[in-house]
C-alpha cells in the first residue's frame, strides 16, 4: 500500500473494507470460541431430569396477586401427575382426571415430596 498521503479514494475505501472484514472474521472466531466455552461450563453444572408417566410433580406457576407481597407467594402448585412425555424437554401434566392437560417444559417441574406430618 502506498503511504497515506498518496492514496486514492478507491484505494482507501478498499483498505478500510478489507480491515473491517478482517475485524469481523476475528470477532466471529472469538464469539464461536466463547460460545463453546460457555456451553461446556453450562453442561458441566446441569443435571438432566426425567420423569415417568404417573410421577407426581410440582409445577412452577408464579402469580402476582394485587395487594400481596411476593414474599408470601407460593411459586409451585400441585401435585400434578405426569400424563405423557413428549420429548426430553416437554411433558403433558394434569392436576386430576377432571382437569385439562397442559404441556410444560421440564424446567418448570420438580419432583413432588410428600410432607410426613404437620405441626
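Observations on the model:
- Flag for residue 79 being modelled with pLDDT of 85 or more and more than 13 Å from residue 112 (Cα to Cα): no
- Cβ pairs under 8 Å, 6+ apart, first in region 59-74 and exposed (fewer than 10 other Cβ atoms within 10 Å of the Cβ), second in a loop (DSSP other than H, G, I, E, B): 64/73; 65/73
- Scan of region 39-49 for residues that are in contact (Cβ under 8 Å) with a residue 24 or more places away in the chain and either more than 23 Å from the chain's Cα centre (by Cα) or surrounded by 10 or more Cβ atoms within 10 Å (Cβ to Cβ) (or both), ordered by number: 49
- Breaking point among (1) in contact with a strand residue (DSSP E or B) (Cβ under 9 Å, 6 or more places away or on another chain); (2) surrounded by fewer than 14 Cβ atoms within 10 Å (Cβ to Cβ); (3) more than 18 Å from residue 47 (Cβ to Cβ), for residue 104: (2)
- None of 14, 56 is surrounded by 10 or more Cβ atoms within 10 Å (Cβ to Cβ) and either touching a residue at least 60 places away in the same chain (Cβ under 8 Å) or touching a strand residue (DSSP E or B) at 6+ places or on another chain (Cβ under 6 Å) (or both) except 56.
- Scan of region 61-78 for residues that are within 22 Å of residue 101 (Cβ to Cβ) and over 24 Å from the mean Cα position of the chain (by Cα), ordered by number: none
- Checked against (1) exposed (fewer than 11 other Cβ atoms within 10 Å of the Cβ); (2) under 25 Å from residue 46 (Cβ atoms); (3) within 24 Å of the chain's Cα centre (by Cα), residue 91 passes all but condition (1).
- Applying the set (1) surrounded by fewer than 10 Cβ atoms within 10 Å (Cβ to Cβ); (2) touching a strand residue (DSSP E or B) at 6+ places or on another chain (Cβ under 9 Å); (3) over 23 Å from residue 47 (Cα atoms) to residue 113 leaves exactly one unmet item: (3).
- Among residues of region 104-119 that are within 14 Å of residue 52 (Cα to Cα), those with a Cβ under 7 angstrom from a residue that is assigned to a strand (DSSP E or B) and modelled with pLDDT under 90, sequence gap 6+ or separate chain, pair up as 112/78.
The values are calculated or read from the model by the stated rules, or taken from the named source; none is laboratory data. Please read all numbers here as calculations on a predicted model, not as lab measurements. Reconstructed Cβ throughout: ideal geometry from the backbone, glycine too, with neighbour counts over all protein chains shown.
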